[in-house]
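Structure, as structure tokens:
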Amino acid sequence: METQSEEQAVTKPADSGGEGGPPQVAGAQAVRPEDRMTLLLRLRAQTKQQLLEYKSMVDAHEEKTPEQIMQEKQIEAKIEELENEVEEAKTAFEMKKLALDSVLMNNMKQILNLNKLIMKSQQETWDLEEKLLDVRKKRLQLKQASERKLSEIQTEKNKQKDDLDSMENSDKIKTIQQKLETEIQITTVIQHVFQNLILGSKVNWAEDPALKETVLQLEKNLTMI
Amino acid sequence: MSVLRPLDRLPGLNTATILLVGTEDALLQQLADSMLKEDCTSELKVHLARSLPLPCSVNRPRIDLIVFVVNLHSKHSLQSVEESLCHLDAAFFLGKVAFLATGAGRDSHCSIHRNTVVKLAHTYRSPLLFCDLEIEDFRAAMAQRLVRLLQICAGHVPGVSALNLLSLLRGSENPSLEDL
């Protein structure tokens, strides 16, 4: 009575490029690290789902199935009942999910708003700091310019002083000064000679105005000029 | 032989296995090829069988989805499917079994009435799909659907389980079915 049925198996090679046969999780060497990561994540999701299914089967088996033999109609009715229960559970779950999602949405919106505010204030702070930096730079530049000007004035003053000093110390002036001295001496001697001449001649020089003027002129001290 | 149980083995990593049961070998082979051509992130394994029970000498992986292919042109395929259904553990019918009826396009050749298959699917609380497997475009579309179904039944889609999908598919059934 049992029919030995033929069975054929056809497999598809893994899409990561390996040959057909037992699946290789590591894949061919051509698989990049990102593909491996996505593969691992996918496998994780799959294993989670499969674990969930096995768990639910274990839970289902804990329920006692009715042993008595019921009529087909009754079985049908029971099946319909159970199916309805499943549908109701599903709708209740969906409603709860929707309610939670709306709360979540609100939270997310608030978070987004706060983030926007934060970004705005950070931008403003940055702008103000930039302005402060500019003002400081300008102040520094002005200070440097004034420093330069002052030092220039200083050097000019020093130059003038030096020029003056050098002028005083130059040789030309010295020779002229000496010449001047000797001339003054000679002239003083001539004055004395003329004085003595006039006094020695025992003439009354006070009576003649021209003579008087000459004597007074000779009296002048030339070093005081 | 032994009864096929859905959860007696641990699932293979990133692997999904589908078992196509039907008497039309050529159609099954074509459908298997279309399914393997589909772009899928998991590794697909397609097993073909004429009828259950399967020989237990073969070391096969955990079967995630069984599709019974009924050809509306031959009564023999329906009979063979009905006999095979006895060798399945009841836990399979929680979303891991689907019926596929082919050949509905050519109404003159149909020896089985549509409603028979509909009733069969309703009795076993499993989804029923119609497809003309001989036409390539329909076959490709059905292969795509089966691949998605298989991924969900194998647990590769987070958040959707086979049972969940079953109740989702049930919603789109014809309301007149309740009268049967």
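The values are calculated or read from the model by the stated rules, or taken from the named source; none is laboratory data. None of these values were measured; they are calculated from a predicted model. No Cβ is skipped: glycine too gets one built from the backbone with ideal geometry, and neighbour counts run over all protein chains shown. Ligands, DNA and RNA are stripped out before the accessible areas are found, and what is left, the full protein with its side chains, is counted by its heavy atoms. Shrake-Rupley method; radii C 1.70, N 1.55, O 1.52, S 1.80 Å.
Brief remarks follow.
- B:L7 being within 7 Å of another protein chain (Cβ to nearest Cβ), modelled with pLDDT under 85, buried (at least 21 other Cβ atoms within 10 Å of the Cβ) and at negative phi: no
- Hey, A:E19 at pLDDT 90 or above and open to solvent by 100 Å² or more (accessible area, probe 1.4 Å) or not: no
- Residue within the stretch A:102-110 that is outside any loop (DSSP other than H, G, I, E, B), closer than 30 Å to B:F93 by Cα and not polar (S, T, N, Q) present: no
- Residues (outside any loop (DSSP other than H, G, I, E, B) and facing another protein chain (nearest Cβ under 7 Å)) located in the stretch B:153-172: B:S167
- In the stretch B:82-98, residue nearest to A:E83 (Cα to Cα) [restricted to those that are open to solvent by 50 Å² or more (accessible area, probe 1.4 Å) and hydrophobic (A, V, I, L, M, F, W, C)]: B:L94
- Of all residues in the stretch B:47-64 being more than 8 Å from chain A (Cβ to nearest Cβ) and of a type in the set (D, E, K, R), the one that is nearest to the chain's Cα centre (by Cα): B:D64
- In the stretch B:10-46, the residue that is nearest to the chain's Cα centre (by Cα) out of those that are open to solvent by 20 Å² or more (accessible area, probe 1.4 Å) and closer than 22 Å to B:A90 by Cα is B:P11.
- Residues that are modelled with pLDDT under 90 and more than 10 Å from every other protein chain (Cβ to nearest Cβ), drawn from the stretch B:10-22: none
- Condition broken by B:Q79, with the remaining ones in (1) more than 14 Å from every other protein chain (Cβ to nearest Cβ); (2) among the polar types (S, T, N, Q); (3) surrounded by fewer than 16 Cβ atoms within 10 Å (Cβ to Cβ) satisfied: (1)
- When each of B:D89, B:D132, B:D107, B:D64 is tested for being touching a Leu at 6+ places or on another chain (Cβ under 7 Å), of a type in the set (D, E) and over 21 Å from B:E43 (Cβ atoms), the lone residue that passes is B:D89.
Residue-by-condition table, conditions (1) on the phi > 0 side of the Ramachandran plot; (2) within 11 Å of chain B (Cβ to nearest Cβ); (3) modelled with pLDDT of 85 or more:
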| residue | (1), (2), (3) |
| --- | --- |
| A:E34 | no, no, no |
| A:M37 | no, no, yes |
| A:R44 | no, yes, yes |
| A:L51 | no, yes, yes |
| A:K78 | no, no, yes |
| A:N84 | no, yes, yes |
| A:M95 | no, no, yes |
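- Being at pLDDT below 85, among the aliphatic types (A, V, I, L, M) and open to solvent by less than 100 Å² (accessible area, probe 1.4 Å) is a description that applies to A:V215.
- Restricting the stretch B:99-117 to residues that are small (G, A, S) and assigned to a loop (DSSP other than H, G, I, E, B), the residue that is surrounded by the most Cβ atoms within 10 Å (Cβ to Cβ) is B:G103.
- Across the stretch B:143-163, the number of residues qualifying as open to solvent by less than 60 Å² (accessible area, probe 1.4 Å) and either closer than 25 Å to B:D33 by Cβ or in contact (Cβ under 8 Å) with a residue 40 or more places away in the chain (or both) comes to 14.
- Any hit, the stretch B:67-90, residues being modelled with pLDDT under 85 and over 12 Å from B:L19 (Cβ atoms): yes
- Only one entry of B:V81, B:V67 meets the criterion of being within 13 Å of the chain's Cα centre (by Cα) and either assigned to a strand (DSSP E or B) or without any contact (Cβ under 8 Å) to a residue 40 or more places away in the chain (or both), and that entry is B:V67.
- For the stretch A:32-49, the set of residues classified as open to solvent by less than 70 Å² (accessible area, probe 1.4 Å) and of a type in the set (A, V, I, L, M, F, W, C) consists of A:L39, A:L43, A:A45, listed by residue number.
- The selection criterion, being in a helix (DSSP H, G or I), open to solvent by 100 Å² or more (accessible area, probe 1.4 Å) and within 27 Å of B:L120 (Cα to Cα), does not hold for A:E53.
- Taken together, B:L31, B:L44 contain a single residue that is in a helix (DSSP H, G or I), under 20 Å from B:T15 (Cα atoms), touching a residue at least 24 places away in the same chain (Cβ under 8 Å) and within 11 Å of another protein chain (Cβ to nearest Cβ), which is B:L31.
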